[in-house]
Amino acid sequence: MVNLDFNRARPHPGPGVEEPPLENWAEELHQKPQHRKIWEAPIGSAVMMTGVVLPALFLALFAIFCHERISMLLIKHPIETLVEVTLALAIPIANFSIWSSICRKDVRFAMRRSLCNGISIGASFLFVAVSVAAICMGRVNIYFLHEIHSFAEGFAVIACTFFLSMLSSLYLAYQLRALREFKSARLRTTLYSAVGVVMALLSFVGAEAKSVYMRVAQHMAYAGNTHQEQLDGLKMLRWLNAEQDMRLECADARTVGLPGLFIPINTQAEQQLYFAAFGKPFRDDRSTDLSGFSNDYLRRHVVGAMIPELSLVRSGMDGAVNADALSSTLNWTFVFKNTAYDDKEARAEFSLPSGAVISNVTVWKDGQPVDATFAPSGKAPRADSFTAVGHDTPAVVSDLGRGRTLLHCYPVKGQDELKVRMTMVLPLKLDKADEATLALPRFIDTNFAVNGEHQVRLRSSDRLSLKLGGLKESLSPTGERILVGSMKNEELSGPGVSVTAARKPTLGAIAVAVPNKPGRYFIESIQAKPVKVPNHLIVVLDGSQNVKSDLAAIKAGLSKLPSSMTSSLIVASDVSPKLQELQPLSSGLPKLTVSDFDGGQDNLQAVVKAAGTAGETRDGAILWIHGPQPTLNRELYVMAPYIQTPAFYELALDNGVTDGIDFFKNHREIGPFVPVPRNGSIENDLARFVSRWQPGGVEYIVKLYEQGAFPKTGSAAVGTPQEAAELGALLAKEQSQAFIARGNYHAATAVAVRNRLVTPVSSAVVLMRKVSDEGYVQQGSGTVASSNTSSDEEANKPAEPALAGVTNGSVSSASEALEGVNTSGTVRVNNLANLEALLNILANSFEIVGFVYGMSLTVQALLFRTTYSAYFGMKGASVPVMVITGLLVTAAGLACPGVFNWFVASARDANLFS
């Protein structure tokens, strides 16, 4: 039987023991634990300040002031950089989360929180270790390129900040352990924290492993103690496939990351290593000087992709050839057709023969011809008053260097045609006393299809011939010889076409009166003399990988050298030092194989050695055959004085993208180099050049100058006004180039603009508005060159070219305002247009979504508290957390366009999308 009398059945607790009241048990079970606030007491303030606020403040300031560095590192190593950013952000976030749980006495998620605590400890330790090591090694000033003291103090502050943060994280680890009641739980908490520390260290090591390995390889290649160690460093760089990483480092030193802090290499050395490892000279994509870029680069970044709807439906070359004066005027007219409904931009890169110059550009607007304005541009001295011309300019012709010119026309209206004409003056090359050769211009690359009919009509007083099936010679009613017909599409962009022009077999001088300048004459003298056969010819062959494909052609061309000539060979190669030794050409050249050519080989030392050897005898000569070379080698080599300065010749295999003036800047004894004329294949051009040294060879020396009296010799011929204009333009081109070679860009610009020429310091621009040429052109001036020297002898000195100008004016000083055009807007095409459009759409979408979500969350948190928090995915979140989250999301959304732009700009600067 069950006893229901609970009070009677309950045993008595015994004497002296008070029984707790039954009514308090339920209250104790439902009583909430006492929570302390995160800022409560000194210990709370210390943890929040040292473990959360200070690290978060540092990271925020670093993101604000070093956002470009972060963007470039994300482009260089996206995953590795994100790992390191996560480690850095884990410090304040983990400390805040763990301290909040400790204040609430929340013992859940023990493993997760202990791991985060360990990661925070490890990340803080990494900050301290890197900062202390940087200060001790004295690398701070090298990394930041500033005074060591100021940045050493900055690194000391960083070390102190994260040392305090590490102490806070260690205190939090102790508190997490104290929350556990059992010894095994406390041991597991400590173990998890230790695992977190190891995870942070391993993550950092993995993120920096490739960068450190690459930096060690760079240091080996640049500063190795032995030659073999340097070669091993280059092999490591190639094995790592570090081309893109090194290109970024060459473009901006801020992308070197932490390895660059401890193993510094300056930018110049970085560019030399890039060339040595991959055989490609680094060219700064932000440079406005395109003369050092290859045709492949210009095709992608200057001419641009092919536009299917745009074509050259017809073109015509017509002009007059004055073979006796070795000059000609050629008008090349283009008719572009656009079959699309929107406007298109026509761009073409074309090659001019050596010495040729463009003297006018005409665009037909509503049936009316509009001539170009010639204004300073390119390398000309700049001023804020330069007029900017962009892609909407009707026509711009710019000099790209090395005989390459860019034609840009916009708009070619939809369903319409555009007519453009370029006028150019071309010199003739005298092959024989009674025969000269005129090389015609040709297309290198276009963004339009070259199809349709292409007419040619050339006039001369003597016979003209061109071995093309579509051309024939005829006689005009006035008795002139006419070469007329059509050319095929591929002949306009092939290896080059040359016209042979007959002339009177007379040598001597031709005198032409300078227009508008009585008593002044242009003099062209022609002298024939036996070819000076070199007493010792040294061939310097580039050992870079770019020469591999042309090795067979080089061997075949050099085989045409006369057997009686003393010739030697030096191969510029760091791979095999034996090849750099002087050896007979006849025995050394056949032994070369493609395996002897690797990477990028700097030819400076080999050329210096060859110059010293050739200068030990009289009539020595050097033939330098090479691919692209670095812009400047700062190495200084010892050269003995020449017994006689040797002759220097150059065969550039990549359209002469190497600037000899810069390359030999520290060795002025070398050069100037005479380029081997290029009209066809490498084999034919080289064979034609070396065959000139056959016994009985004759060469013709042509000199052009201006003087104040008619030649006293009775054999001087009198030229025509057309020849006067041509010789004046060719002379002005020579003078401008001479000033550029001396670095006097102001004088070179004055010559070019006053004589209406397209040069590296001037452009032809067709605008619907006037472009000022103040400072260069005087009103009422003529268009031909003049001399400001006191005597004809001084005027004819090649080292001191006469400054082209006018008789009633003078060249303005450098202090005057230099006005012209800034053609940088038309130089490059935007290959990232489609990518930028997509990124802009994404960035704007993120901006709108982030702004709307963040502001809505903030407003509802302030006005309605937590009523609608579930709709924002933040159910149960407190009001301060919701407000902070809303503001952060808003800021992130507004920052999206800028961040996207930083990424695109950094990628473009490093030329990553080539």
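Computed quantities for the displayed model
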| item | result |
| --- | --- |
| Residues of region 40-84 that turn out to be of a type in the set (F, W, Y) and exposed (fewer than 14 other Cβ atoms within 10 Å of the Cβ), as a count | 1 |
| Selection count, region 438-478, where residues are among the hydroxyl-bearing types (S, T, Y) and open to solvent by 60 Å² or more (accessible area, probe 1.4 Å) | 2 |
| Unique match (being assigned by the TED database to the domain that holds F443, touching a Gly at 6+ places or on another chain (Cβ under 9 Å), at pLDDT 85 or above and of a type in the set (S, T, N, Q)) among S359, S398 | S398 |
| Pairs where the first residue, in region 637-651, is farther than 19 Å from N666 by Cβ and of a type in the set (S, T, N, Q) and the second is modelled with pLDDT of 85 or more and part of a loop (DSSP other than H, G, I, E, B), C-beta under 6 Å, 6+ apart | Q644/R618 |
| Where a residue in region 89-107 is under 12 Å from A56 (Cβ atoms) and its partner, wherever it lies, is assigned to a loop (DSSP other than H, G, I, E, B) and open to solvent by 20 Å² or more (accessible area, probe 1.4 Å), with Cβ under 9 Å and at least six apart | F96/I38 |
| Flag for A621 being at pLDDT 85 or above, closer than 30 Å to Q268 by Cβ, buried (at least 21 other Cβ atoms within 10 Å of the Cβ) and not acidic (D, E) | no |
| Positions within region 237-257 being part of a helix (DSSP H, G or I) and among the hydrophobic types (A, V, I, L, M, F, W, C), in sequence order | L237, W239, M246, L248, C250, A251, A253, V256 |
| Candidate set from region 209-221 (those that are in contact with a Leu (Cβ under 6 Å, 6 or more places away or on another chain) and either touching a residue at least 40 places away in the same chain (Cβ under 8 Å) or under 18 Å from I121 (Cβ atoms) (or both)); member that is surrounded by the fewest Cβ atoms within 10 Å (Cβ to Cβ) | M214 |
| Residue check, V533 under 30 Å from A647 (Cα atoms) and either out of contact with any Asp or Glu (no Cβ under 7 Å at 6 or more places or on another chain) or open to solvent by 70 Å² or more (accessible area, probe 1.4 Å) (or both) | yes |
| Residue in region 770-779 that is open to solvent by 10 Å² or more (accessible area, probe 1.4 Å) and modelled with pLDDT of 80 or more present | no |
| Tabulated pairs, region 154-170, first touching a residue at least 40 places away in the same chain (Cβ under 8 Å) and among the aromatic types (F, W, Y), second assigned to a helix (DSSP H, G or I) and open to solvent by less than 30 Å² (accessible area, probe 1.4 Å), C-beta under 9 angstrom, 6+ apart or interchain | F162/P55; F162/I91; F162/A123; F162/S124; F162/L126; F162/V128; F162/S131 |
| Selection count, region 234-264, where residues are more than 18 Å from the chain's Cα centre (by Cα), surrounded by fewer than 22 Cβ atoms within 10 Å (Cβ to Cβ) and touching a residue at least 12 places away in the same chain (Cβ under 8 Å) | 10 |
| Filter result (open to solvent by less than 10 Å² (accessible area, probe 1.4 Å) and within 24 Å of A449 (Cα to Cα)) within region 341-362 | A346, R347, A348, E349, F350, I358, V361, T362 |
| Tally of residues being open to solvent by less than 30 Å² (accessible area, probe 1.4 Å) and within 15 Å of I538 (Cβ to Cβ) across region 568-598 | 9 |
| Residue within region 310-323 that is hydroxyl-bearing (S, T, Y), assigned to a loop (DSSP other than H, G, I, E, B) and farther than 30 Å from D462 by Cβ present | no |
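Table: residues versus (1) under 21 Å from L231 (Cβ atoms); (2) outside any loop (DSSP other than H, G, I, E, B); (3) not small (G, A, S).
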{"site": "P518", "(1), (2), (3)": "no, no, yes"}
{"site": "K532", "(1), (2), (3)": "no, no, yes"}
{"site": "A556", "(1), (2), (3)": "no, yes, no"}
{"site": "L561", "(1), (2), (3)": "no, no, yes"}
{"site": "K578", "(1), (2), (3)": "yes, yes, yes"}
{"site": "S587", "(1), (2), (3)": "no, yes, no"}
{"site": "S595", "(1), (2), (3)": "yes, yes, no"}
{"site": "G600", "(1), (2), (3)": "yes, no, no"}
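The values are calculated or read from the model by the stated rules, or taken from the named source; none is laboratory data. This one's a predicted model, so the numbers in the text were calculated from it and none came from an experiment. Neighbour counts are summed over all protein chains in view; Cβ atoms, including those assigned to glycine, are modelled from backbone coordinates with ideal geometry. Heads up: the accessible areas ignore ligands, DNA and RNA and are worked out on the full protein's heavy atoms, side chains in. Shrake-Rupley method; radii C 1.70, N 1.55, O 1.52, S 1.80 Å.
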